[in-house]
Amino acid sequence: MQTKLSIQNWQKFIKLCLKATAPKQLNELFKLLLTNAEQEDIAARYAIVIGLLSGKKPQRELAKQLKISIAKITRGSNALRIVDPKIKRLILSSTP
């Protein structure tokens, strides 16, 4: 469960990210604030979400392709069930 302080700090973090004016600047910010493992986790979650939204592969095949557990795929799938459809479109519009 998130505390009030962690929610406030998360919102401050989001606002800071929005101030980054270039991808290089945002990348440097993330390298400062996130460990390599955290960056890899975010990259994996992004790949999961993209894979699920594309709908081209079953979840088990996606897990095998990404070399991650089916549980992580399931968590991504559950998150997609509750996210605003506008966010899904935003994600899909930013992928090649």
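Before moving on, here are some points about what is shown:
- Top-ranked residue of the range 5-22 - restricted to ones that are exposed (fewer than 10 other Cβ atoms within 10 Å of the Cβ) and outside any helix (DSSP H, G or I), ranked as modelled with the lowest pLDDT: T21
- Residue identified as outside any helix (DSSP H, G or I), among the basic types (K, R) and either at pLDDT 95 or above or surrounded by 10 or more Cβ atoms within 10 Å (Cβ to Cβ) (or both) among K64, K57: K57
- For I73, the requirement of being modelled with pLDDT of 95 or more and either in a loop (DSSP other than H, G, I, E, B) or touching a strand residue (DSSP E or B) at 6+ places or on another chain (Cβ under 8 Å) (or both) is not met.
- Residue check for A37: among the small types (G, A, S) and surrounded by 11 or more Cβ atoms within 10 Å (Cβ to Cβ): no
- Hey, Q25 touching a Lys or Arg at 6+ places or on another chain (Cβ under 8 Å) and either within 22 Å of R89 (Cα to Cα) or assigned to a helix (DSSP H, G or I) (or both) or not: no
- A search for C-beta distances below 9 Å between a residue of the range 29-43 that is closer than 20 Å to K67 by Cβ and any residue that is among the aliphatic types (A, V, I, L, M) and surrounded by 12 or more Cβ atoms within 10 Å (Cβ to Cβ), counting only pairs 6+ apart in sequence or on different chains, returns D41/L34; I42/L34.
- Filter result for I42 (assigned to a helix (DSSP H, G or I), surrounded by 11 or more Cβ atoms within 10 Å (Cβ to Cβ) and either among the hydrophobic types (A, V, I, L, M, F, W, C) or not assigned by TED's automatic domain parsing to the domain that holds A63 (or both)): yes
The values are calculated or read from the model by the stated rules, or taken from the named source; none is laboratory data. Owing to the predicted nature of the structure, the values given are computational and were not obtained by experimental measurement. Ideal geometry is used to build each Cβ from the backbone, glycine not excepted, and the neighbour counts take in all protein chains shown.
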